[in-house]
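Visitor: Pasting a structure below so you can have a look.
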Amino acid sequence: MAEGRIIKISGPLVVAGGMVDARMHDVARVSEKNLLGEIIELRGEEASIQVYEETGGLRIGEPVVCTGEPLSVELGPGLISSIYDGIQRPLEKIRQKAGEYITRGLYLPGLDREKKWLLEPIVREGDEVAAGDVLGEIQETKVVRHRVLVPPGVAGRIKSIGEGEFSVEDTFVRLETESGEKELNMLQRWPVRLERPVNEKLTPEKILVTGQRVTDTFFPIAEGGTACIPGPFGSGKTVYLHSFAKWAHADIIVYIGCGERGNEMTDVLMEFPELNDPRSGGKLIEKTVLIANTSNMPVAAREASIYTGITIAEYFRDMGYSVAVMADSTSRWAEALREMSGRLEEMPGEEGYPAYLPSRLAQFYERAGRVVCLGADTREGALSVVGAVSPPGGDLADPVVQATLKVVQVFWSLEDNLAYRRHFPAISWLNSYSLYVESLRDSMGREVSPEWPELRREAMRLLQGEAELEEIARLVGLDTLSMQDRLVLESAKSIREDFLHQNAFHEIDTYTSPGKQYRMLKVIMEFHGMCLLELEKGAELSRLMGLPVREEIVRMKYIPEEKAEAFDDIEKKMKQEIETLVKDRLPNKVRPKDA
């Protein structure tokens with residue numbers, strides 16, 4: 001271990017001299033307080049260390065010890081339902097030991113060393129196993145089966161395997177390998193900056209259902225996909241990410257609070273243990289890992305929190321699960337990079353951000369994907385990443401937004417003018433996009449309806465047409481528009497208010513399945529088509545818009561998922577009321593005999 005002395009202190013940056021054998025990204029213990037840091041620059045025997053704890057009170061000349069190991073996380077049973085800080089310290093246990101405030105230099109392992117887990121072996125003595133093979137399973141929570149895997153880089157023949165209860169450090173397997181006998185336990189350590197290996201990366205072809213109509217229908221994200229959701233303060237980023245975490249069809253949720261306010265993480269902590277997971281029937285917290293690095297925690301630890309979260313997510317992906325990661329927000333991470341870059345006296349890029357900002361963001365998002373996991377069973381896993389971006393004033397020209405858009409495939413643009421009009425989610429249907437639409441076309445056609453792609457396209461045409469017509473109406477007046485154009489405005493308004501608007505706090509409206517989304521949009525588009533035909537035959541737009549069935553169209557978002565037949569009733573009423581309207585309009589001499 002290299003040992004040196006502090007020669008410079010600049011906020012979270014500490015420079016140590018005499019670090020002869022130190023390497024980049026090695027963990028260092030700084031001062032007699034034993035603060036945790038990571039080497040981010042080497043110049044000869046001088047090492048610049050990013051300290052992940054408060055550096056107040058440090059003195060020149062205090063010792064710095066390089067551990068010779070990279071910053072790593074502990075992986076194994078016990079991750080689910082836990083809440084960690086950015087360097088994987090269990091906050092609940094720290095509170096029990098140190099009180100309401102985290103004591104500097106206090107380190108507790110990420111996984112409980114005392115708890116016993118009931119292991120059900122999958123392999124037997126004499127079996128040949130390789131990296132990624134499943135050795136056994138543990139019922140970690142009611143909804144998560146934890147698969148204990150052979151670590152990467154390990155292969156051999158099972159000499160013995162235990163059955164029963166084990167702690168994460170207990171040896172339960174002995175392998176005969178080419179280099180001799182090797183003992184395995186359930187605890188793995190993995191460097192956070194190193195991507196975990198897979199057999200193959202696949203093309204994302206299946207939608208990750210979020211339950212949010214504006215995204216699932218118009219701007220879907222695929223399992224294994226990437227998305228960013230930028231927006232100004234108060235536009236609903238955090239509420240949307242909370243809804244995403246609650247209702248997304250993912251097996252595991254990793255929620256990273258990167259530099260966000262403490263009350264927002266508190267909302268997650270208070271809600272998730274109470275909310276039911278609609279897919280498994282258990283509690284949402286029973287499939288969730290929380291990484292909490294709030295705004296009053298050390299700035300440098302924001303970077304560690306991002307890498308800690310994505311590494312834990314990769315671990316569960318390797319088990320064959322679909323994992324969703326929410327990072328709120330990557331702008332806070334970028335601000336930490338800017339501060340550290342300034343203290344390192346590096347040449348600044350745009351708006352003071354480091355020139356390597358785009359590559360750092362790309363390294364993070366590129367760890368997402370749908371993969372064939374290591375192991376003989378060719379199981380597939382998926383890791384989806386959604387990052388919130390908080391540009392100053394909602395400026396989409398911000399360097400963090402632009403660098404993010406270059407690497408993600410889905411852009412959900414939050415707009416403050418929609419939020420001011422109380423339209424939530426405040427995602428712009430004109431500025432947002434998804435590059436997964438074409439690749440998801442076949443799967444959505446199979447799972448929902450073959451009509452889904454065309455229905456979506458026609459609805460988008462109406463919304464785009466509305467924007468053009470509103471511009472014309474502002475210039476020359478609404479009265480200059482034809483009845484058909486006014487119908488476009490009315491139908492687009494129905495799509496916006498009756499379909500896109502969604503209440504995250506309503507018992508029924510907070511989540512909508514793809515099947516119900518299809519039926520809702522189909523009703524609106526069918527009504528538009530019927531009205532268009534009648535207008536061409538001379539019907540009055542005001543009478544069509546005054547039909548009683550429109551009230552039921554407005555309320556259809558509150559139809560429970562299990563009562564799909566209600567949509568059939570609405571469609572029948574639409575036809576009946578329009579037929580009645582037609583009969584009333586026809587002259588007596590040409591009315592049908594039964595009129």
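The values are calculated or read from the model by the stated rules, or taken from the named source; none is laboratory data. Predicted, not measured: the structure shown is a model, and the values here were computed from it. FYI the Cβ positions are ideal-geometry reconstructions off the backbone, even for glycines, and counts take in every protein chain you see. Heavy atoms of the whole protein, side chains included, go into the accessibility calculation; ligands, DNA and RNA do not. Shrake-Rupley method; radii C 1.70, N 1.55, O 1.52, S 1.80 Å.
Visitor: Multiply the residue separation of His25 and Glu41 by 0.36 nm, subtract the distance between their alpha-carbon atoms, and state the gained length in nm to one decimal.
Guide: Full-extension gain reported as 4.9 nm.
Visitor: Here's a follow-up. What does the highest-first list of 108-115, 182-189 look like by mean Cβ count within 10 Å?
Guide: Going from most to least packed, we get 182-189, 108-115.
Visitor: Students often forget the sequence filter, so: which lysines lie under 25 Å Cα-Cα from Lys159 once same-chain residues fewer than 8 apart are removed?
Guide: In chain and number order, the partners are Lys116, Lys182.
Visitor: What is the packing order of peptides 60-72, 551-563, taking the mean over residues of other C-beta atoms within 10 Å and listing the highest first?
Guide: Per-residue mean Cβ counts within 10 Å order the peptides as 60-72, 551-563.
Visitor: Then there's this: Output the peptides 91-97, 150-156 sorted from most to least packed, where packing is the average of other Cβ atoms within 10 Å over each peptide's residues.
Guide: Output ranking for 91-97, 150-156: 150-156, 91-97.
Visitor: Could you go through region 38-52 in sequence order and give the Karplus-derived ³J(HN,Hα) for each residue, using 6.51 cos²θ - 1.76 cosθ + 1.60 with θ = phi - 60°, rounded to whole Hz, and x for Gly and Pro?
Guide: Result, ordered by residue: 9, 6, 10, 7, 10, 10, x, 9, 9, 10, 8, 10, 8, 8, 8 Hz.
Visitor: Determine Rg/Rh for the chain; Rg is computed over alpha-carbon atoms and Rh is the Kirkwood hydrodynamic estimate from the same atoms.
Guide: Looking at the chain, the ratio lands at 1.06.
Visitor: Checking the cross-link filter: which lysines have an alpha carbon closer than 27 Å to that of Lys537, excluding same-chain neighbours under 8 positions apart?
Guide: Lys493, Lys522, Lys572, Lys573, Lys575, Lys583, Lys589, Lys593
Visitor: A follow-up question, please. Within region 216-249, report the chymotrypsin sites (Phe, Trp or Tyr not before Pro) that DSSP leaves as loop and that have at most 15 other Cβ atoms within 10 Å.
Guide: Phe233
Visitor: In whole Å and largest first, what semi-axes does the C-alpha gyration tensor of region 388-436 yield when each eigenvalue is scaled by 5 and square-rooted?
Guide: 19, 14, 7
Visitor: Tell me the angle of helix 565-585 to the major Cα principal axis of the chain, expressed in degrees between 0 and 90 and rounded to the nearest ten.
Guide: It works out to around 30 degrees.
Visitor: Any idea what log10 I(q)/I(0) is at q = 0.10 Å⁻¹ for region 184-275, Debye with uniform C-alpha scatterers and no solvent?
Guide: Each listed q maps to, in turn, -0.38.
Visitor: Quick one: with all protein chains in place, what share of the accessible area of the chain is carbon or sulfur, to the nearest percent (1.4 Å probe)?
Guide: 49
Visitor: Quick one: angle between helix 237-247 and the longest Cα principal axis of the chain, in degrees between 0 and 90, rounded to 10, please.
Guide: It is inclined by approximately 90 degrees.
Visitor: Let me ask another. Per DSSP H run of at least 4 residues, take -39500 (n - 2.57); add these up for the chain, divide by its residues and hand me the 222 nm value, nearest 500 deg cm²/dmol.
Guide: Here the helix-only value at 222 nm equals -9500 deg cm²/dmol.
Visitor: On to the next question. For the pair Met545 and Glu32, how long in nm is the line joining their label points, each one 7 Å along Cα→Cβ?
Guide: Once both label points are built, they end up 7.9 nm from each other.
Visitor: Mind pulling the angle between the C-alpha long axis of helix 262-271 and the longest principal axis of the chain? Nearest 10 degrees, somewhere in 0 to 90.
Guide: Orientation of helix 262-271: about 70 degrees from the principal axis.
Visitor: Net charge near Arg370: determine it from the other residues with C-beta under 14 Å of the C-beta of Arg370, scoring Lys and Arg +1 and Asp and Glu -1.
Guide: Around Arg370, the surrounding residues sum to -3.
Visitor: Additional query: For the chain, what relative contact order do you get, as a whole percent, if you take Cα pairs closer than 8 Å and at least 6 residues apart?
Guide: 13
Visitor: I'd like the FRET efficiency for Asn296 and Met460, computed as 1/(1 + (r/R0)^6) with the beta carbon distance as r and R0 of 41 Å, rounded to 0.05.
Guide: Calculated transfer efficiency: 0.45.
Visitor: In addition: Roughly what % antiparallel, to the nearest 5, for the DSSP beta bridges in the chain?
Guide: Taking every DSSP beta bridge with both residues in the chain, the antiparallel ones total about 70 percent.
Visitor: Stretch Ala98-Asp442 to full length: gain in nm at 0.36 nm per residue minus the Cα-Cα span?
Guide: 118.4 nm is the gain from fully extending Ala98 to Asp442.
Visitor: Follow-up. Computed FRET efficiency, Cβ-Cβ of Ser10 and Asn503, R0 60 Å: what is it to the nearest 0.05?
Guide: The computed FRET efficiency comes out at 0.80.
Visitor: With an 8 Å cut-off on Cα pairs and a minimum separation of 6 or more residues, tell me the relative contact order of region 69-147 in percent.
Guide: Averaging sequence separation for qualifying contacts and normalising by length gives 27 percent for region 69-147.
Visitor: Strictly over 30 Å apart at the Cα level, which of Lys237/Lys283; Lys206/Lys287; Lys246/Lys406; Lys93/Lys201 would you flag in this model?
Guide: Lys93/Lys201
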